[in-house]
Amino acid sequence: MKSMENKTLEELDNLENDYIARHWDTRGRHESDMELNDIARAKIAAVKRDHGICFLAKFNPANTESIFVPYDGRLIYNFEYDIAVPVEDEELRRLLILLNDRQAQNYSSIMERIFNRASEIGGIAKSSFYKLMEKQSSARKRRASALCSQQHHPRDDPSHHNPTMNHIQRIQSPFPGLWPDGKLRCIDSATTRKTGVEIRGILDILVDLNITGLYTAFFHFHAHVGELEIIIFQGRWSIFKSPVWQVQIDCREYPLININTGQPFYVPAFLEMLILWVQ
């Protein structure tokens with residue numbers, strides 16, 4: 001830690017990137033090595049040194065009324081805080097509250113905005129997951145975009161000739177029917193909209209997780225029973241590997257329910273779990 005005391009944030013970023021590259025096969029870290037934790041602590045100290053003051057925050061604050069905590073120089077423990085900034089920024093506060101709004105959409109986009117905002121005001125955020133995602137996916141996205149632009153032409157798109165195909169037509173029957181377990185199917189638009197937002201949030205996160213290459217996430221929606229099944233493997237999938245995590249989620253009503261535990265399944269908590277995995 002002493003060797004890092006006078007390093008700039010840019011120098012510490014380079015050290016972190018080098019560390020992740022050296023320990024790529026172990027998800028960017030080595031089990032018995034404290035170097036990554038020391039780098040994170042040095043970054044917090046650098047924010048305070050550069051600006052004379054530093055505030056700490058979490059991605060999922062217990063109390064949204066007191067998101068920012070002044071840093072007094074004490075030892076910060078693993079997983080204690082996720083963000084260090086030189087000011088109690090209102091835009092960052094708004095984004096953190098939005099991230100934990102269970103009706104919010106596109107969690108990955110919100111996280112990206114949080115990282116960008118922290119950087120804009122001279123601070124930092126734990127960035128392993130999204131830093132790696134950005135590094136590994138940018139080239140793939142460019143290639144995919146180029147391929148799509150070459151292959152897709154408006155005249156070949158049926159919706160170009162028929163605008164009504166841009167909308168999904170819902171056909172409602174007089175009786176919604178029953179699920180296989182005898183439960184009445186829900187046709188309340190507000191409830192189905194909430195569950196749809198949650199499901200899309202989960203899938204959005206899983207797609208981003210796959211892009212990093214650190215984990216392989218399988219997911220399958222069993223529409224006939226309203227269940228989302230998720231199976232995650234560390235690194236690339238192999239027939240010889242066992243999943244590190246799996247869950248079945250009842251998506252028929254809001255809140256979604258973890259079938260394994262019987263407890264509500266919320267997207268912000270799921271996202272926080274994955275961030276802890278890859279940091």
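Of the residues that sit in segment 222-279 and are touching a residue at least 60 places away in the same chain (Cβ under 8 Å) and charged (D, E, K, R), which one is farthest from Ala190 (Cα to Cα)?
Glu272
Output the residues belonging to segment 200-209 that are buried (at least 17 other Cβ atoms within 10 Å of the Cβ) and of a type outside the set (Asp, Glu).
Gly201, Ile202, Ile205, Leu206, Leu209
Taking interchain pairs and intrachain pairs at least six residues apart, which have beta carbon atoms under 7 angstrom, with the first residue in segment 195-216 and in contact (Cβ under 8 Å) with a residue 24 or more places away in the chain and the second surrounded by fewer than 21 Cβ atoms within 10 Å (Cβ to Cβ) and of a type in the set (D, E, K, R)?
Note: pairs meeting the criteria are Thr195/Glu253; Leu214/Arg27.
Determine if segment 197-218 includes at least one residue that is under 23 Å from Ile110 (Cα atoms), assigned to a loop (DSSP other than H, G, I, E, B) and not charged (D, E, K, R).
Yes, the conditions are met somewhere in segment 197-218.
Name the residues in segment 226-279 that are surrounded by fewer than 14 Cβ atoms within 10 Å (Cβ to Cβ), hydrophobic (A, V, I, L, M, F, W, C) and either outside the structural domain of Val207 (by TED's automatic domain parsing) or more than 23 Å from Asn106 (Cα to Cα) (or both), would you?
Ile239, Phe240, Val244
Keeping to segment 228-257, report how many residues are of a type in the set (Asp, Glu) and either farther than 23 Å from Arg193 by Cα or assigned to a strand (DSSP E or B) (or both).
2
Filtering segment 258-272 down to residues that are in a helix (DSSP H, G or I) and among the hydrophobic types (A, V, I, L, M, F, W, C), which residue is farthest from Leu99 (Cα to Cα)?
Quick first cut of segment 258-272, residues in a helix (DSSP H, G or I) only: 267-272.
With the extra rule that they be among the hydrophobic types (A, V, I, L, M, F, W, C), the set shrinks to 267, 269-271.
On the way: Val267: 9, Ala269: 10, Phe270: 12, Leu271: 10 Å.
Within segment 258-272, the match that is farthest from Leu99 (Cα to Cα) is Phe270.
Looking at this structure, is Ala223 under 20 Å from Asn100 (Cα atoms), of a type in the set (Gly, Ala, Ser) and more than 16 Å from the chain's Cα centre (by Cα)?
Numbers: under 20 Å from Asn100 (Cα atoms): no; of a type in the set (Gly, Ala, Ser): yes; more than 16 Å from the chain's Cα centre (by Cα): yes.
Criteria not met by Ala223.
The values are calculated or read from the model by the stated rules, or taken from the named source; none is laboratory data. Nothing here was measured: the structure is a model prediction, and the numbers come from that model. Backbone-built Cβ (ideal geometry, glycine too); neighbour counts: all protein chains shown.
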